[in-house]
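**Q** Mind having a look at this structure? Questions to follow.
The values are calculated or read from the model by the stated rules, or taken from the named source; none is laboratory data. From a predicted model like this one, the values you see are computed outputs, not experimental measurements. Cβ atoms come from the backbone with ideal geometry, glycine included; neighbour counts cover every protein chain shown.
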């Protein structure tokens, strides 16, 4: 019988107990340019609406030919009447869903930008394919880059501080290809589960102290990952200690009940804890409304809109109280819904869709070109067309707010940076031909 080494047993036990936690992944990142700057202290929050949000009912036409086509031809049953949609300052043609009151407040305060008709430049109506393409930052399934766009953002970042504690967070039980290849990303479905919770409760503190001592001088990759995992576990437990450190949102922010509210609150709480959080990727689902989508203020879609709108408004209010001008929120879905309602009073998979950008450095208003809703203007006769590459929106935020100019590395094949003026900040010189080896020429190792 083989004798069990006590040190190895404790190491493996610690790794297993943390590894068994649902929705947790953390480790050391593949740092390439990290450590060259002092840190910009900017936060990018990316909200992905999984399932394909219906942009036409989120941002419905209110006047003119587009409203007539929308209400009388395309969606006679499920359209949002212009007597119910929310009016926006300085805008007559479009409004917001009646339950998007939080987003209306942000828009009217010039803190929300709405970008018309965005998406992939090649249409794809598969949830899985479109989402994967956007998360990996590529345009074609033939591109197998092996990493996500957030991973490559960090690879090429010159402002991320050296040895960040928790640089990126996915507050979800589901992983995302956006962080593919970066073990430094923390995927955390629930803060209460991110702890050593195997065995008798009375042993937890002693076991964590012992394992921490064992990994105090990591000698290989496994040990380094374990040490970082343990450190992150302790950090998370301290931040989310509601007994000794209860969280009180600032500025009168009220987060909605439910999972999206918990996700947005977790991001605010982490950012305020000064753990070097730089990118948070929030995923929220349920937007695949093929059947009984609902109208006005009732139904599945209305419930989702209210949760999203209230959550974004609460997150903005909470963060701006003590971190004004230091964060930008981007909201996107993999594609929109078909312009025509279906016979089940829902909508099927479409193409073009609005994006939203929220923050103190946002130039509020509408951007991009709405292509129109007549049969001749619809993409393939059925869908809202795409007139703005979604990467134009993301890269403007990366350049002007996050100070990353290596756009060709973050989005392979992208070579057409074209700022729309959505956010304030200075444009750097875009680099579309970033080579990972070039940094070593300057002696950085």
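**Q** Considering only residues that are within 21 Å of residue 106 (Cα to Cα) and assigned to a loop (DSSP other than H, G, I, E, B), which ones fall in region 359-406?
**A** 359, 360, 361, 363, 364, 368, 401
**Q** Quick one: how many residues across region 105-123 are crowded, with 18+ Cβ neighbours inside 10 Å and either at pLDDT below 95 or closer than 26 Å to residue 254 by Cα (or both)?
**A** Total meeting the criteria: 6.
**Q** Residue 102: surrounded by 14 or more Cβ atoms within 10 Å (Cβ to Cβ), in contact (Cβ under 8 Å) with a residue 40 or more places away in the chain and on the phi > 0 side of the Ramachandran plot, yes or no?
**A** No; evaluated as a whole, the condition is false for this residue.
**Q** Further question on the same structure: So, in region 150-172, of the ones that are touching a strand residue (DSSP E or B) at 6+ places or on another chain (Cβ under 8 Å) and in a loop (DSSP other than H, G, I, E, B), which residue ends up nearest to residue 246 (Cα to Cα)?
**A** Checked region 150-172; the qualifying residue nearest to residue 246 (Cα to Cα) is 171.
**Q** Anything in region 63-99 that is within 19 Å of residue 420 (Cβ to Cβ), buried (at least 19 other Cβ atoms within 10 Å of the Cβ) and in contact with a helix residue (DSSP H, G or I) (Cβ under 7 Å, 6 or more places away or on another chain)? List them, or say none.
**A** Listed by number, the list holds a single entry, 88.
**Q** Of all helices (runs of 4 or more DSSP H) completely enclosed by region 1-95, which ones contain at least 1 residues that are at pLDDT 95 or above and at positive phi?
**A** In region 1-95, 64-69 are the helices (runs of 4 or more DSSP H) which contain 1 or more residues that are at pLDDT 95 or above and at positive phi.
**Q** Hey, can you tell me all the residues within region 122-149 that are assigned to a loop (DSSP other than H, G, I, E, B) and touching a helix residue (DSSP H, G or I) at 6+ places or on another chain (Cβ under 8 Å)?
**A** Across region 122-149, the qualifying residues are 124, 137, 139, 140, 141, 143, 145, 147, 148.
**Q** Does residue 227 qualify as being touching a strand residue (DSSP E or B) at 6+ places or on another chain (Cβ under 9 Å) and at pLDDT below 85?
**A** Spelling it out, it is not the case that residue 227 is touching a strand residue (DSSP E or B) at 6+ places or on another chain (Cβ under 9 Å) and at pLDDT below 85.
**Q** Among the numbered criteria (1) touching a strand residue (DSSP E or B) at 6+ places or on another chain (Cβ under 8 Å); (2) buried (at least 21 other Cβ atoms within 10 Å of the Cβ); (3) over 27 Å from residue 130 (Cβ atoms), which one does residue 282 miss?
**A** (3)
**Q** Right, next: Would you check if residue 415 is touching a residue at least 24 places away in the same chain (Cβ under 8 Å), surrounded by fewer than 20 Cβ atoms within 10 Å (Cβ to Cβ) and either over 17 Å from the mean Cα position of the chain (by Cα) or not in a strand (DSSP E or B) (or both)?
**A** Numbers: touching a residue at least 24 places away in the same chain (Cβ under 8 Å): no; surrounded by fewer than 20 Cβ atoms within 10 Å (Cβ to Cβ): yes; either over 17 Å from the mean Cα position of the chain (by Cα) or not in a strand (DSSP E or B) (or both): yes.
For residue 415, the condition - touching a residue at least 24 places away in the same chain (Cβ under 8 Å), surrounded by fewer than 20 Cβ atoms within 10 Å (Cβ to Cβ) and either over 17 Å from the mean Cα position of the chain (by Cα) or not in a strand (DSSP E or B) (or both) - is not met.
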